Every structure is written in C-alpha cells, then in structure tokens.
Amino acid sequence: MRITRVSAVAAAAASVCVLAAACGGGSSSGGSGGGSAGSTKNATITYWASNQGASLQADYNTLNPELKKFKQQTGITVKLQVIGWADLLNRILAATTSGQGPDVVNIGNTWSASLQATGAFLPFDSNTISQVGGTSHFLASAMGSTGAAGQTPTAVPIYSLAYGLYYNKAEFKAAGIANPPATWDEMVADGKKLTKGGNYGLAIEGANPSENIHNVFILSKQKGGSFFDASGNPTFTTAANVAAVQQWVNFMATDKIVNPGDAEYDQNQSLSDFAKGKAAMLLWQAAGTTLKADGMAPDAYGVAAPPVESGTPSASNPDSMVAGINIAVFKGSKNQAAALKFVKFMTSQSESTVLNGKYGSIPPVKAALAATPPANQEQTVLRDVLSNSAVALPQVPKEAQFETTVGAAVKNLFADAAAGKPVSAATVKQQLASAQAQMAG
C-alpha cells in the first residue's frame, strides 16, 4: 500500500464522487437499481468481503454455504471475492472513482465517514434502512460507527469487535508470571521475561496500517491526546501522539519484546506466531477462530483486557477502539434491490448468529446478541471491553487518509527499528509531520 497512491485516490474520491449522482457499479443480470424497485429474479450481484478468518480461503469456506442458502431463498446469485485488509481500502477507493466496483462491500467501521464523504454509497435513509430491519434492529454503539454524526449512514454493522490481550498460559507459567499484565509497564517487564530462545514476548503486525492506527490511537487517548481537533483537522504532531507512536514502535526498537521480523507482517502472521508459541502475547480482535485454525487449543491461552497506562480501563481511560465491520451498497449498483435483500439476509438474526459465531465476533444485531450468551472467556472479555472501555476512532471524512498516512508512517518506523536504527521522538515527529502534510495535499 503506497502512501502517495492511496492519498491521491482518496483525494480524488472526496473531490469527484461527492459531486456525482452515483459512483461505483456492479454486475447486472436481470435486476434493476433504485432501492427497492425492480425485479430481483435471477439477479447476480458481486460482493467484496473482508478477510475475517485465518486465511482468504477460510473465508470462502465460511461464506459460500451462506451465499448458497441465500440463493435458495431468493434466486439471487452472489459472486464472492474475499479481499485482505492490506488491499481492501485501496480497492474500494479505486472503485469509487472508476465506477468498476461491486454491488455490496464490507468496510472497516472506522472508514465509514471517509467513504460516506465520497458520495459513492447508498444512504440508509428511513426508507432504505427499513428494508434491512430498521435502525432499532442494530446495537446503538455499532450504528454509531456507520457515518459522520448528524448525517444519514451509508452502511450498517455486520460484525462487532473489540481488542483483547491474548496470552500463552504455559509460557506465562514457565516464566513465573501469575497474571496477565494490566499496564504497559507490566507488559514490557513480562515481555522481557518471555523473550528468549528465539521466541518473543509480543507479536504485532508492523506493516499493517490499520493495526498500527488502532494501537497508537489508544495509546494516545490514554495520554490525553487526539489525532484530530474538534473541527476534524489533523493534529498528528502533538506531544501525546509522538509519545504514543514512539511507545508502540519501541516495543521492538528498545524494549526488544517484538521480533524485528514483525516489521513485515500485515496479514495475520502475528496470530500464526502466537499460535505456534513463537510469541507469548498478542493484541487482537476476536482471535480465537483463527488461533484454532492455526492449531492452538482454546485452553492453551487466556484473554484479558488490554493494558492501560495506569488505573482501571473505562470510557475515559480506554483500552480498545470500537472495532467492527460494516456492510454497504454502492449507489451505482445496477441491482440495488437485490443488494438490499442480501444486506437484509446477512444482518438477519439467524445469519448474524451464524457468522459472528463462526468468526468469534460480537453480533451487532440486538436479537442475535440477546439469543447468544458469551460462548467462552474470550467472548466474555471482548463484550465487556466493547461495552465499558472502548471508544470509536474519529468519525471524520479524513479518517481513511489518517489510517493510510499515519499507518504507513508507523510502518516506516518499524522498518527502521528492524534495521537497528534508533526511533527517537524527533524521528517520529518528522514522520508524523510528513503524514500530516500529505493529508493537507
């Protein structure tokens, strides 16, 4: 993911598509657009799904039976493409400008306001959202990340998530560590005890811009910082933000509890390392399903709330961003009626239960959540974090650019750390200043 290319595409999307009557498009076979209008018999729609499982193939294995079920119920064929997180935003932004996109797409909920600003997605106004169950069908917290405040949302939630700290029970016991760390200082101290024999204390995804953003955002919030002001303008170079980024990168650079090879990780490799015992801790959203697929038994690890600077996690001292996946329809779809039927199906009580159960995520559909109590300790912890100590990333139009520019800046810093170069406050500030300049450009 090249910074200049992504920024250029994002800028083009924001300036061109916001003025267009419709951006994006999809395949057509017998259906017609216009919301609920038009026949859906024998329609074919395209669906870009985000990578939620252990691999792209695992997602095909999970989703294809559900798509077959949908076709049996409606006669609508769904052409599925699963896209990795390193490429998904780039692909979506390119689709908003080219008009060559899918009918339906999964998006990270942190991108909602940015993609909403392109004008490329179908607004879920009172008429449209009633076709998928209505606003009250979904959790309020999940609906809060479907677009900018005061504007008609352009997505609805499909999977809800929060971060947890996963730790290897056997390795903790062998190192004489009785409990998972509650603060970052404790995590570093524990990580040093656990880093030995080619194994490390913590696994991360240093080349994954979104993972970088999620973690430095929380570190900054714990220091009283913010990456945007009240008007939505970037404030990347504040002392709190510089300290947050430096702290995150220094887990590798100076604390040396992270393998330098993690600087190149961007596609769930950290989960594989944790599952194979190469790292004793992992910060992740609903990792259980992937860990099981990687051969790690559920009783081999524990899950705790992520660390904080000090004190007890709360809404004012958050330990996780409000994570989750939304599902949206391109406004230019030639099969809007079929696309909305598909969204309704994917966010129905039954499918929300099935899919969130398979992925280990939290159902954002109220009825599904009420009908599915926490299945294990992981679910208990993640639901508690989401409910009590998670905060949403800024729902501002420039949020997607924030993830790509600052996320890539942190990626560059991890590359420096892996090469043995010092990561000073001045170096971090320089990278953040460059990212902010790209936002302005």
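Structural remarks
- Qualifying residue in the stretch 171-193 (condition: within 30 Å of residue 343 (Cβ to Cβ), touching a Gly at 6+ places or on another chain (Cβ under 8 Å), touching a residue at least 12 places away in the same chain (Cβ under 8 Å) and surrounded by 15 or more Cβ atoms within 10 Å (Cβ to Cβ)): no
- Residue-level check: of (1) surrounded by 14 or more Cβ atoms within 10 Å (Cβ to Cβ); (2) without any contact (Cβ under 8 Å) to a residue 40 or more places away in the chain; (3) small (Gly, Ala, Ser), residue 224 misses just (1).
- Look at the stretch 410-423: where a residue is under 10 Å from residue 206 (Cβ atoms) and touching a residue at least 40 places away in the same chain (Cβ under 8 Å) and a partner is of a type in the set (Phe, Trp, Tyr) and buried (at least 20 other Cβ atoms within 10 Å of the Cβ), sitting 6+ places away or on another chain with Cβ atoms under 7 Å, you get 410/248.
- If the condition is being modelled with pLDDT of 95 or more and within 14 Å of residue 407 (Cα to Cα), then the stretch 195-211 contributes 204, 205, 206, 207.
- The residue that is nearest to the chain's Cα centre (by Cα), counting only those in the stretch 57-115 that are part of a strand (DSSP E or B) and of a type outside the set (A, V, I, L, M), is 108.
- Inter-residue pairs, beta-carbon under 6 Å, first without any contact (Cβ under 8 Å) to a residue 40 or more places away in the chain and in the stretch 345-369, second of a type in the set (Val, Ile, Thr), 6+ apart: 349/365; 353/372; 368/353
- Spans of helices (runs of 4 or more DSSP H) in the stretch 301-418 with at least 2 residues not assigned by TED's automatic domain parsing to the domain that holds residue 174: 336-346, 349-359, 366-371, 377-388
- All conditions but one from (1) out of contact with any Leu (no Cβ under 7 Å at 6 or more places or on another chain); (2) of a type in the set (Ser, Thr, Tyr); (3) under 23 Å from residue 86 (Cα atoms) apply to residue 270; the one that does not is (1).
- Of all residues in the stretch 267-300 being assigned to a loop (DSSP other than H, G, I, E, B), touching a residue at least 24 places away in the same chain (Cβ under 8 Å) and of a type outside the set (Gly, Ala, Ser), the one that is surrounded by the most Cβ atoms within 10 Å (Cβ to Cβ): 268
- Note on the stretch 124-149: residues that are in contact (Cβ under 8 Å) with a residue 40 or more places away in the chain, at negative phi and either outside any helix (DSSP H, G or I) or hydroxyl-bearing (Ser, Thr, Tyr) (or both) amount to 12.
- Failed item, numbered, when residue 317 is tested on (1) touching a Pro at 6+ places or on another chain (Cβ under 7 Å); (2) surrounded by fewer than 20 Cβ atoms within 10 Å (Cβ to Cβ); (3) over 25 Å from residue 193 (Cα atoms); (4) not charged (D, E, K, R): (1)
The values are calculated or read from the model by the stated rules, or taken from the named source; none is laboratory data. If you're wondering where the values come from, they're calculated on a predicted model, not measured in any experiment. Every residue, glycine as well, gets a Cβ built from its backbone with ideal geometry; the counts of neighbours run over all protein chains shown.
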